[in-house]
Each structure stands twice: as C-alpha cells, then as structure tokens.
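Visitor: My structure is below; once you've seen it, I'll send some questions.
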Amino acid sequence: MEMNTNPDFRHGYTSGVEGVSRENYEGYLSSRVNSDWLAERIEQKQTELTDTERQLTDATNARRATYAELQNHALQVERLAKQVESREADRQTLIADRDQLRERRAKASPDYSLLAGILFLIAGISFLAGDLIISHEIVAYALNIRNTNEAWAFAVGLAMVSILLKPAYDRLIEQPYQEDPVANRSKYERFKITLAVFSVLTLAVLGWFRYEAYRTDQLKAAINKSVRQLQLNTDPTATTQALDAVTLSKIEKQLSESSELNLALVNSPWALLSFVLSGILFALAGAVCLGIALPVLSAFWFRWLQADIKLWKLRRRLKRLDTDMEPLLTQLAEQRTQQNVLQHNLDLLPTLDELKTQRQTTRAELNTLMAELKLALADSRISTFNDGYNQGEAIRGSLTDDEQKQLLKGRLSPTKGVATNGTAQEKPANGTSHPQPPYQPIHTVSADE
C-alpha cells in the first residue's frame, strides 16, 4: 500500500503507531489554521487602514481645494446678487412710478373732447370780451370816466368777475359732481336748469329790446324820410329855399317825435333789464365755459405734454435697466451653476468624520485581530511542545540504557547527528530510527506587525 505523503497524515500515522494522544496535535492544527486566517485578516485590515488613510488625505485635500474654489464662486454670486438686487429695486421703483402715472393719466381722462374744450374756451373768452365791452360802455358813459386807460382798466376789472366766479363754480358745482355724480346730480341739474332758464329769459329780454330798438329805428327812419320829403316839397323856382312856417312846424314836430322815440328807448325798462341781465349772464356763462374748458385743456395738457413724455422717459430707463441687467443675470446664472456643481462635488466626497470613524474602527479591529493572533500563536507553540513531549515520552519507554546514553550524548554534542532541517536524528544502538516530528513551528508574527 502506498503511503500518503501529507505531513498531517504522516504525523497522525506515527502518533497512532506510537500511541501518542492526538489532542495536542489537533490543538496545534486548529491554532495553526486560526493563526493563518488571522494573519490574512490582519493583512487585509492593514491594507484597508492604508486605503482609509489615503482616502482621508485625498478627501482632505480635495475638500480644501473644492471649498476654496466654492468660496470664490460664492463671493462672485453674492456680489452679482447685490448688483442685480439693486437694479431690480430701481426697476421696481420705476415700474411703481409708471403704474402710478398711468393710473393718474387714466383718472385725468376728461368728459369732453379736445375740440369741445377749445370751443368752450372760445365761448368763455367771447363772453369775457362781451362783458368787457358792456363794462367799458357803462364805465365810460354812465360813470362819466372820460380817460380811456382808466375806463378800460375799470372795465377789465368788472369783466374779471367771471374769473372770480369760476372757482366758486368749480368748488360748489363742477367738482362735487365730478367726484360723486350720483350724490350731487340733483344740485348740478338744478343749477343747469336755473342757468338755462335765466339764459332763456335774458335772451327773451334781449330779443324784446332788439325788437324795440328795431321798431324805434324804423320809426326814426320814417321820420327822417318824412322830413326829407317836406324839404323836397319847397318851390324849386324860388330864388331862395326858405321854408314856410307850416313846413318848419311839421319838421320840428317830426324831429321832436324822433327825440321822444330815442328817449323812450333809453328809458325803457327793457333796456335796463337787457344791460343788467346780459352783464350777469355774460359773467355766469363765462365762468361756466371757463370752468368746463380749462379742466379739459388741463387734462389734455397733463396727458399729452406731461404724462406721456414722462412715461416715455420711464420706458427708456426701464429698457436701459433691462439691458444692463441681462449680462448680470447671465453671469449670476453661470456663477450659481458653478457653485451648485462644486457643492454637489463637495457633497459627493466622503466626509472626514466618516473616514476618521472608519479608521478608528479598522484600527480597533486590527488590534483585536493581533491580540487573537498572539493567542493563536501561543496555543500553536504550546500544542507543538506538548505533542513533541508526548512523542519523546513514548519513544523513551522503548529505548535501552545504551540508546538513552547515546541520545543524551548526541544532545550534548552540537555537531553530531545534525539534520538538514536543524533537528537531530537520533539512532538507537540496535539501528532502528525513531521518527521526529515532521512539522516545524510556524513563523511567529508579533503584534507590532
């Protein structure tokens, strides 16, 4: 039968032949396998600790470089954000001014068109001019002010009563109606009706007075025609054109009738009413027309020459701000993108605390494994010693006294019977050799490794 060359098998076979207990060699094998496994695990943990140290160093350097670059982009983002915020605040202010101006422009929309406002202005000026003429006639003739400049100055003062009445009309009639048409409609309508009735009455009086003046003028024309006819009825063959007493009496009678007609016209109550009512009507009508025309013209002045020009300027400023903000927004977006990328890269890097914790855990596991390896090596050596001791004890029982003396002499002589593996091969006197343990102690690994 061919012998198995496995050293464990051979050692077991020898131990069985010699009757040596197998527990010691089994303990040796268990300790040997355990120490080999622990040595591999220690090597793995040392490699893992080295990798962790390298990762910690790389992560520290990478975090330092990334954080420095991130701070640079963060400063750029903060600077650009402040510039954009400042320009956006200016833009919002301009938008608020524009909206407020548009609202004012919409509220300033007049009820009448520009043409109606111009017509009311012309009418108001016409009423002022008519009142000025009437006032001048009153001042020059009724008050007997013969100085032309003084007469016109006094007449202008009287005509300006329309200007004095305009604020009263605006504040009492027109403005309350514009602010709240529903609540002030009745007062506004009563004023308009009263003014219309007064205008109609004044026009009626003026019409009657014009009729009286026209009738008087026609009567005077008839009288003048009669006088001329009496003058033409004289004898053309006479040497002189002297009129007789009867003709002169008729002419004087006709002239006295004409004078009576003039006096009756001047003293007529219709003439008095015409002057009084026309003066009042012209003043009131001028105030009303100016009260309507001036707000309309003022509204169009504000809308076209103030609001629209300012809105155009605001649009230009907004366009300029938008043009200035466009590159800033582009730069801000780029810087924020770079900042987000760097922050993402920074988040992807392993944290230093995790690596430090992992390093501490690896070191603790390595220390535990080295302690276990120390115990395994100790058990292995103890098992090796016990197995050798048992084999030696088993062999000693089968040796004679001479073989024991020879064995002892061989142990005392360092140069005798030294085997190639460093163990002495003792031969008994009878020539039979006793096998030595086929295994050697494993290489011990200190805990410092």
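Visitor: Setting aside same-chain residues fewer than 8 positions from LYS409, which aspartates and glutamates have a Cα under 16 Å from its Cα?
Guide: Leaving aside aspartates and glutamates fewer than 8 places away in the same chain, those within reach of LYS409 are ASP401, GLU426.
Visitor: Something else now. Would you mind getting me the FRET efficiency between ILE122 and TYR188? Use the beta-carbon distance for r and R0 = 30 Å, nearest 0.05.
Guide: Step by step, r from the Cβ atoms, then E = 0.80.
Visitor: Follow-up question, since we're still on this one. Rounding to the nearest 20 debye, state how big the charge dipole of the range 61-121 is about its Cα centre with +1 on each Lys and Arg Cβ and -1 on each Asp and Glu Cβ. Numbers along the way, then the final one.
Guide: On the way: 11 positive and 9 negative charges, 36 e Å.
Dipole of the range 61-121, to the nearest 20 debye: 180 debye.
Visitor: Provide the per residue accessible area, probe 1.4 Å, for the range 247-393, rounded to a whole number of square angstrom. Let's see the in-between values first.
Guide: Numbers: 9040 Å² over 147 residues.
Averaged over the residues of the range 247-393, the accessible area is 61 Å².
Visitor: Dipole magnitude of the range 246-371 about its Cα centre, charges +1 at Lys/Arg Cβ and -1 at Asp/Glu Cβ only, in debye to the nearest 20?
Guide: Its charge dipole is roughly 240 debye.
Visitor: Where Rh denotes the Kirkwood radius from the mean inverse Cα pair distance, what is Rg over Rh for the range 67-188? The partial results should precede the final answer.
Guide: Details: Rg = 30.0 Å, Rh = 20.6 Å.
When Rh is taken as the Kirkwood radius, the ratio is 1.45.
Visitor: Do the alpha carbons of any pairs in LYS82/LYS107; LYS107/LYS192; LYS82/LYS313; LYS82/LYS356 sit beyond 30 Å of each other, and which pairs?
Guide: In this structure, LYS82/LYS107; LYS82/LYS356 lie more than 30 Å apart at Cα.
Visitor: Would you please classify the overall shape of the range 187-229 from the alpha carbon gyration tensor, given that a ≥ b ≥ c denote the square roots of the eigenvalues, rounded means a/c under 1.5, and beyond that prolate means a/b larger than b/c while oblate covers the rest?
Guide: In terms of gyration-tensor shape, prolate.
Visitor: While we're on this one: According to the square roots a ≥ b ≥ c of the eigenvalues of the Cα gyration tensor, what is the shape class of the range 273-396, taking rounded for a/c under 1.5, prolate for a/b larger than b/c otherwise, and oblate for the remainder?
Guide: Values: a/c = 19.93, a/b = 6.42, b/c = 3.11.
Prolate, because a/c is 1.5 or more and a/b exceeds b/c.
Visitor: Let me ask another. Using Cα pairs under 8 angstrom and six or more residues apart, how large is the relative contact order of the range 65-198, in percent? Before the final figure, lay out each step's value.
Guide: Values: 38 pairs, mean separation 17.9, N = 134.
Once divided by the residue count of the range 65-198, the mean separation gives 13 percent.
Visitor: Still on this structure, please answer the following. When 1/r is averaged over all different Cα pairs and the result inverted, which Kirkwood radius in Å belongs to the range 41-126?
Guide: 20.4
The values are calculated or read from the model by the stated rules, or taken from the named source; none is laboratory data. Values in this document were obtained by computation on a predicted structure and should not be read as measured data. Here the Cβ is made from the backbone with ideal geometry for all residues, glycine too, and neighbour counts use every protein chain on show. For the accessible areas, the whole protein counts, side chains as well, though only heavy atoms, and no ligand, DNA or RNA atoms are used. Shrake-Rupley method; radii C 1.70, N 1.55, O 1.52, S 1.80 Å.
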